[in-house]
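Q: So that we are looking at the same thing, I have put the structure below in structure tokens.
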Amino acid sequence: MKATCWMGKKKVEVRDVPDPKILNSRDAIVRITSTAICGSDLHLYNGFVPSMEKGDVLGHEFMGEVVEVGRGVKNLQVGDRVVVPFPIACGHCNACNAQMYSLCENSNPNAWMAESLWGHSPCGIFGYSHLLGGFAGGQAEYARVPFADVGPVKVDDGLSDDQVLFLSDIFPTGYMGAEMCDIKPGDVIAVWGAGPVGQFAIASAFMLGAERVIAIDRFPYRLRMAREKCGAEVINYEEVDSVPEALKELTGGRGPDACIDAVGLEAHAHGVKFAYDKVKQMTRMETDRPIALREAIMSCRNGGTVSVIGVYGGFIDKFPMGAVMNRSLTIKTGQCHVQRYMQPLLERIRNGDIDPSFVITHRLRLEDAPKGYDMFVHKTDQCEKVVLSA
Amino acid sequence: MGAATIAERYTGRSDGQRERQYDNGWRHSYNDGNARGSGRARPRTRRARLKQGDMLATSLGWFSVGLGLTQVIAPGILSRSIGIGESTTSRSTMRALGIRELTAGIGLLARPTTAAWAWARVIGDTMDLLLLGKTLASTDKGRSRTFKGRSRTLAATAAVVGVSALDVWCAQQLRRQDRMPMTDEPKSRDAIHVERSITVNCPVEEVYTFWHDLGNLPRFMRHLQSVHVLSNGRSHWVTEGPGGKTVEWDAEVTDDRPNERIAWRSLPGSQVDNAGVVSFVPAPGDRGTEVHVELQYRPPAGAVGATIAKLFHRDAGQQIADDVRAFKQVLETGEIVVSDATVRPGPHPAQPDWRSA
């Protein structure tokens, strides 16, 4: 089959690799109809996630048709149309019982690697480094889906791939980011990053009752999408001196009630701040550039919540813990527990509350994945979200 | 009353109760079981004594290096401090002695330590004592020596006598160690001891029952090929040894308390002397069962033994960590989860592979 392979830093190729097979009894094999490139794939692409091997199959947002099931899978049948959540979860451990699926205690066969970096291991993730399991990903023609009796959700034919594909990651991720803000009537929410996850965080914040949402980015086309499709107010951080000051002005001096970091470890800024973190990251004195996170903390109102859904990998520098402690801030974070949100969000799509396909700007064939990565990473042709079809 | 801790007041459980619940006696009784009927106490103390010999050799080695360096670098200062005055002769003698000290010191620090270097120090000590004696005697021949100088020389002599005693004792310890047959060479004979805990989301009865059938062990202890349960609490264990050869031994269950604890050990004369104990403790708040595993291996003597030791030693801690995780997976999900990267050994990309089928 054809699969998108990581071939080193800033290099992906679509190569012929063997077809996947059932390896565990609760596996299913899915023939992929649609798959997407995620912003977090760019962290792999740019070489910021350790434990990648040349030839790793990428991709963790995918859906398709079940073509084979293991003997332990009773709820799926060949021919079912399913969306596959990116966290692999067993459904039986304490974390899964608590619906903390991305913390599944059984799905990372390389848990020891993650433990050495992070203390404990989260779940395994498709196509996302050996540290997170070493599972072949879904930017391919077929994928093996472990614990297929727990993760994949069946979707009816009435909805298109474009409408339901993002249940695999970015819609639930944005939704969880907003949910962690514990939104009360009148709340103003600020969202750093108007990429696809940021857009869904904005949309979800409104769904959960936010009064206003303010989006922060530097690309006018992304801010336009946030304003026109989601109804956010916008700040282009390259046009203001200080984001926290701008947010103060927009909120009567209070600051946003909650701040969502939908940027993560490769944040940009202008001026000295950016140079400082870029140099530290390049010299391996920090692994992540926490520029958006620092701003989110400094901007948040006293007693507010900082919700972190952007991906971080290792260690950061100049973390304003003094602000967090002295101003009673709450930080909530996590890889999305996608399985928890798939059914309710599928309902919202069915009801017509939201059509997630609004973020798609480019549809390419699987063979053109390298072009998709290039456009997405360089933000050329107003690229917001690339969907690949096999 | 009145002595209740806050925890006791709020949990209604005494510290003693909690200790018992968590500790379950597994650690202490394991050690008891360890010494029982194995004649292990003697070699252990002998080894401890040998270790002392090594430690002393190290201390003396560093002492020699320090003294030797001082003698070579600052012979004048040292000569004055032991009251023999400075002269070209005394300085060059001091330097020569320094080189001797350095040589003996390095010899003692090198591993494996041999008694020869400690004896070399004893000979050196004798030489020093002779020289000091000569210095003390020379005062009587009218050399201009002060009372202060004489008392310094006497103090130095006393110090050398003390160090000599240590050198002799160290040499004897090391000689005994040299004479030991290879089987007691501490490096290959040191027991490998590993402990690991994990919480399994299943009732304690289920977890105990699964482990109690020792035939299940190879399902999660991946270095084991098979465990066959024989009669009267005995079992036959087969594991993959070095070079694809199998290593086998018989073991017996030494303690079996339903839903609490299982302990086993290899029978005397086994190729790999080993013992294990697993305890099961209900995790608080319906979190399932805490499983505490403790294993100990004592590899056999000789070159084969050393290879086996390496085999078991190599990430012994990591291996048991993988094993208990696999145990949890088998109980919670029915099997061990594999990925494209872990289904085959060795580093390779996370890519499906037809060979894995």
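Q: A:Ser307 versus (1) polar (S, T, N, Q); (2) within 23 Å of A:Phe376 (Cβ to Cβ); (3) crowded, with 21+ Cβ neighbours inside 10 Å: which is the lone unmet condition?
A: The number of the failed condition is (2).
Q: Would you be able to say whether some residue in segment A:134-143 is of a type in the set (Phe, Trp, Tyr), within 10 Å of A:Pro87 (Cα to Cα) and in contact (Cβ under 8 Å) with a residue 12 or more places away in the chain?
A: no
Q: Also, I was wondering about something else. Pick out the one residue from B:Arg298, B:Arg287, B:Arg265, B:Arg261 that is under 18 Å from B:Thr199 (Cα atoms), surrounded by 14 or more Cβ atoms within 10 Å (Cβ to Cβ), touching a helix residue (DSSP H, G or I) at 6+ places or on another chain (Cβ under 8 Å) and not aromatic (Phe, Trp, Tyr).
A: Exactly one residue qualifies, and that residue is B:Arg261.
Q: Take residues that are among the basic types (Lys, Arg) and touching a Lys or Arg at 6+ places or on another chain (Cβ under 7 Å) and tell me which of the helices (runs of 4 or more DSSP H) falling wholly in segment B:56-174 contain 1 or more.
A: none
Q: What are the residues in segment B:66-99 that are out of contact with any helix residue (DSSP H, G or I) (no Cβ under 7 Å at 6 or more places or on another chain) and hydroxyl-bearing (Ser, Thr, Tyr), if any?
A: Scanning segment B:66-99 gives B:Ser87, B:Thr88, B:Thr89, B:Ser92, B:Thr93.
Q: Looking at segment A:99-130, which of its residues are within 10 Å of another protein chain (Cβ to nearest Cβ), in a loop (DSSP other than H, G, I, E, B) and farther than 23 Å from A:Gly372 by Cβ?
A: The answer is A:Cys104, A:Glu105, A:Asn106, A:Ser107, A:Asn108, A:Pro109, A:Asn110, A:Ser121, A:His130.
Q: Hey, can you tell me all the residues within segment B:290-317 that are modelled with pLDDT of 80 or more and within 14 Å of another protein chain (Cβ to nearest Cβ)?
A: B:Glu290, B:Val291
Q: Across segment A:47-71, what is the total count of residues that are at the interface with another protein chain (Cβ under 9 Å from one of its Cβ atoms) and outside any loop (DSSP other than H, G, I, E, B)?
A: Count: 2.
Q: Looking only at residues in segment A:16-30 that are crowded, with 16+ Cβ neighbours inside 10 Å and part of a strand (DSSP E or B), which one is nearest to the other protein chains (Cβ to nearest Cβ)?
A: Only one residue fits best here, namely A:Ile29.
Q: Turning to a different aspect of this structure: Using the structure shown, decide if A:Ala36 is within 10 Å of chain B (Cβ to nearest Cβ), closer than 27 Å to A:Gly310 by Cα and in contact (Cβ under 8 Å) with a residue 40 or more places away in the chain.
A: no
The values are calculated or read from the model by the stated rules, or taken from the named source; none is laboratory data. Remember, it's a predicted structure, so these values are computed and weren't measured experimentally. Glycine gets a Cβ as well: all are built from the backbone with ideal geometry, and neighbour counts include every protein chain shown.
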